[in-house]
Amino acid sequence: MPIGAKLASKSASSGVGESRSAAAGRARALADPSRPLLDVRGVTIQYKTQRHLVTATYRVGFNVLQADRFVLLGPSGCGKSTLLKAVGGYLQPTEGDIRLKGELITEPGPDRIMVFQEFDQLLPWKTVLENVIFPLKTTRTLNAKAAEERAMHYIKKVNLTKFAHSYPHTLSGGMKQRVAIARGMAMEPDILLMDEPFAALDALTRTRMQDELLALWDETQFTVLFVTHSIPEAIKIGSRILLLSPHPGQVKAEINSVPRGQENSNEAAALSREIHEMLFTDQIEENSNA
Ligand SMILES: Nc1ncnc2c1ncn2[C@@H]1O[C@H](COP(=O)(O)OP(=O)(O)O)[C@@H](O)[C@H]1O
Ligand SMILES: [Mg+2]
């Protein structure tokens, strides 16, 4: 159960414990007439288990602008999935708040759609087309014909038109992920939330899926919040990267990635080294505290 939400949002708004860069970032955001699409401020999330209180993230703040490819990068257990679930509205922060277009997020909604890593996120008894149509029917006022047209449009975008009437068990892992992405995009959410969507794929398929996602972005410029623990993937996918420290996750740095298509450049290699170093510093601190 999340605790102390009200109390903490007060201290977050007074700026207690915030880094100077976070405060400067907010000042910039306020000065900017195009306010951020997603505004995450001072977010601490705790899990209460039977024996412990686990702090998954500690006073994390960041802004996602329209058409950003915003990446949350950090080692396993630093609270990336927790943050994404909170943006999805599945978890409430203990402290701080999360706003989409200025509105406080209190529950899940069709304006934020999640794509997960697992291959079993499709309904096995429904075809590709039916899987993509299903959430359109349950949450939208589209009639059957319009829903089918919308679904086919996005199935085409992920190059699966020929498989529209196939069942998930006949598809490869990469194809299933493409269906999940088409299903998410068909909802036309304000923001697409992707939790290590390619982590379970083989290396070649993973590279191809990254390229496809970027090609889709070139076409439609959707806003995506993308979670990964892979530095090369973060540099390739992200326009901006939020680097989180190990457990509990805190903001270590917010970094601009290299320009699109430059992921193999010297600049990208330098950025990769810089990120490695930042993560490695944490490792030393952790060990010396142990
Ligand atoms: N349901 C839960 N109950 C208790 N602790 C949890 C739960 N989910 C995650 N955690 C803990 O919160 C921390 C962050 O987890 P998670 O957000 O899954 O990290 P990441 O996605 O970065 O690997 C971890 O220490 C994890 O063990
Ligand atoms: Mg995770």
Mind checking whether some residue in the range 227-235 is more than 24 Å from Leu38 (Cβ to Cβ), without any contact (Cβ under 8 Å) to a residue 60 or more places away in the chain, surrounded by fewer than 19 Cβ atoms within 10 Å (Cβ to Cβ) and of a type outside the set (D, E, K, R)? yes
If the requirement is being within 22 Å of Glu196 (Cα to Cα), of a type in the set (A, V, I, L, M, F, W, C), out of contact with any Phe, Trp or Tyr (no Cβ under 7 Å at 6 or more places or on another chain) and modelled with pLDDT of 95 or more, which of these qualifies: Leu171, Leu129, Leu104, Leu160? Leu160
Give the range 164-223 a look and list any residue that's among the polar types (S, T, N, Q) and either surrounded by 20 or more Cβ atoms within 10 Å (Cβ to Cβ) or under 16 Å from the mean Cα position of the chain (by Cα) (or both), or say none. Gln177, Gln210, Gln221, Thr223
With the condition kept exactly as written, say whether any residue in the range 170-193 is of a type outside the set (D, E, K, R), within 16 Å of ligand 2 (Cβ to nearest atom), touching a strand residue (DSSP E or B) at 6+ places or on another chain (Cβ under 9 Å) and outside any helix (DSSP H, G or I). yes
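Tell me which residues, restricted to the range 101-113, are under 14 Å from the mean Cα position of the chain (by Cα) and either buried (at least 17 other Cβ atoms within 10 Å of the Cβ) or of a type in the set (S, T, N, Q) (or both). Walk me through it before giving the result.
Our first condition is that a residue be under 14 Å from the mean Cα position of the chain (by Cα); within the range 101-113, this holds for 111-113.
Listed by number, the residues that qualify are Arg112, Ile113.
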Of the numbered conditions (1) over 21 Å from Ala253 (Cα atoms); (2) basic (Lys, Arg); (3) within 16 Å of ligand 2 (Cβ to nearest atom), Lys80 fails exactly one; give the number of that condition. (1)
Would you mind stating whether Ala147 is of a type in the set (Gly, Ala, Ser), surrounded by 15 or more Cβ atoms within 10 Å (Cβ to Cβ) and touching a strand residue (DSSP E or B) at 6+ places or on another chain (Cβ under 9 Å)? no
Output the residue which, of all residues in the range 123-161 that are in contact with a Ser or Thr (Cβ under 9 Å, 6 or more places away or on another chain) and in a loop (DSSP other than H, G, I, E, B), is nearest to Glu212 (Cα to Cα). Leu160
Residue among Glu219, Glu233, Glu254 that alone is closer than 17 Å to Arg273 by Cβ and in contact with a Lys or Arg (Cβ under 9 Å, 6 or more places away or on another chain): Glu233
Give me the residue from the range 65-98 that is touching a residue at least 40 places away in the same chain (Cβ under 8 Å), among the charged types (D, E, K, R) and under 24 Å from Ala234 (Cα atoms) and, out of that set, nearest to ligand 1 (Cβ to nearest atom). Lys80
Which one of these does Asp97 not meet: (1) in a loop (DSSP other than H, G, I, E, B); (2) surrounded by fewer than 21 Cβ atoms within 10 Å (Cβ to Cβ); (3) within 19 Å of the chain's Cα centre (by Cα)? (1)
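The values are calculated or read from the model by the stated rules, or taken from the named source; none is laboratory data. Nothing here was measured: the structure is a model prediction, and the numbers come from that model. Virtual Cβ from ideal backbone geometry, glycine too; neighbours counted across all protein chains shown.
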